[in-house]
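A.B. asks: The following block contains the structure, expressed as structure tokens.
The values are calculated or read from the model by the stated rules, or taken from the named source; none is laboratory data. No experiment lies behind these values; they were computed from the predicted model shown. Reconstructed Cβ throughout: ideal geometry from the backbone, glycine too, with neighbour counts over all protein chains shown. The protein model used for the area step is the full one, side chains on, heavy atoms only, and it has no ligands, DNA or RNA in it. Shrake-Rupley method; radii C 1.70, N 1.55, O 1.52, S 1.80 Å.
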Amino acid sequence: MKQWHLFLAFFRVGMLGFGGGPSSIPLVHKEVVEKYKWMNDDDFSDVLALGNALPGPIATKMAGYIGFRVGGYVGMINAVLATIIPTIVLMVLLLTVLNTYKDKNWVQGMASAVVPVVGVMLGVLTWGFVKKSQNSMGWKITIILLAVSVLLLSVLGVHPAIVIGALLGFALMSRNPGQEKQVKAS
């Protein structure tokens with residue numbers, strides 16, 4: 001049953017993740033964290049950060065890792081196939097339809113309407129991560145890290161993998177030995 005649920009979860013992501021990685025991430029979160037509870041928010045954040053640092057499409061990287069974690073090698077193959085099969089089929093169908101009707105107003109309107117919806121989905125996911133960061137680090141450090149990240153990514157054009165690596169390094173260096181003892185004791 002676990003393999004079937006894994007297939008369904010990532011098949012839904014593949015079917016509904018119109019627009020690529022940014023629109024898929026909130027859908028993966030909904031399936032993996034909220035619906036099936038295969039991961040918690042912390043684990044999902046870690047997978048997302050590492051997946052963003054690696055080359056290639058985020059949806060298949062996340063599907064591969066989560067599938068492996070939930071169902072071993074069979075789960076990995078299952079999740080990746082469930083993610084890419086809808087994309088392949090939909091690409092062929094949608095591109096055929098869009099190419100046939102590309103000059104029609106309803107096609108142009110449909111394509112334009114997807115952008116704000118994806119923006120809202122990413123905003124909701126981002127706000128969830130900001131609240132989680134605030135809970136663990138406080139507002140002051142969260143705002144500083146957000147500001148530095150925006151500066152590095154948007155203003156200076158630093159590659160996201162470098163920013164993620166630097167933030168991971170910061171997190172590792174700023175760990176306090178007292179925190180590790182408390183975690184081990186609990």
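A.B. asks: Suppose R0 equals 22 Å. What FRET efficiency, 1/(1 + (r/R0)^6) with r the Cβ-Cβ distance, do Ile143 and Ala166 give to the nearest 0.05?
C.D. replies: Efficiency computed from Cβ-Cβ geometry: 0.80.
A.B. asks: In addition: Averaged per residue, what accessible area in Å² does the chain show with a 1.4 Å probe, protein chains only?
C.D. replies: 65
A.B. asks: Round to the nearest 10 and report in Å² the accessible area of Ser133, as given by a 1.4 Å probe over the protein chains' heavy atoms.
C.D. replies: The accessible area of Ser133 comes to roughly 40 Å².
A.B. asks: So what does the Cα-only Debye profile of the chain read at q = 0.18 Å⁻¹, as log10 I(q)/I(0), no solvent term?
C.D. replies: -1.29
A.B. asks: Give, as a single signed number, the net charge of other residues whose beta carbon lies under 14 Å from the beta carbon of Thr142, with Lys and Arg counted +1 and Asp and Glu -1.
C.D. replies: Once positives and negatives cancel, what remains is +3.
A.B. asks: In addition: Report, in debye and to the nearest 20, how large the dipole of the range 36-172 comes out about its Cα centre when Lys and Arg carry +1 and Asp and Glu carry -1 on their Cβ.
C.D. replies: Dipole magnitude for the range 36-172 comes out near 120 debye.
A.B. asks: What is the sum of charges around Gly109, taking Lys and Arg as +1, Asp and Glu as -1, for the other residues whose C-beta is under 13 Å from the C-beta of Gly109?
C.D. replies: Once all neighbours under 13 Å are counted, the net charge is +1.
A.B. asks: Considering only protein heavy atoms and a probe of 1.4 Å, how much of the accessible area of the range 1-136 is carbon and sulfur, as a whole percent?
C.D. replies: 70
A.B. asks: Using a basic spin-label model with each label point 7 Å from the Cα along Cα→Cβ, how many nm lie between Val114 and Met15?
C.D. replies: In this crude label model, Val114 to Met15 measures out at 1.7 nm.
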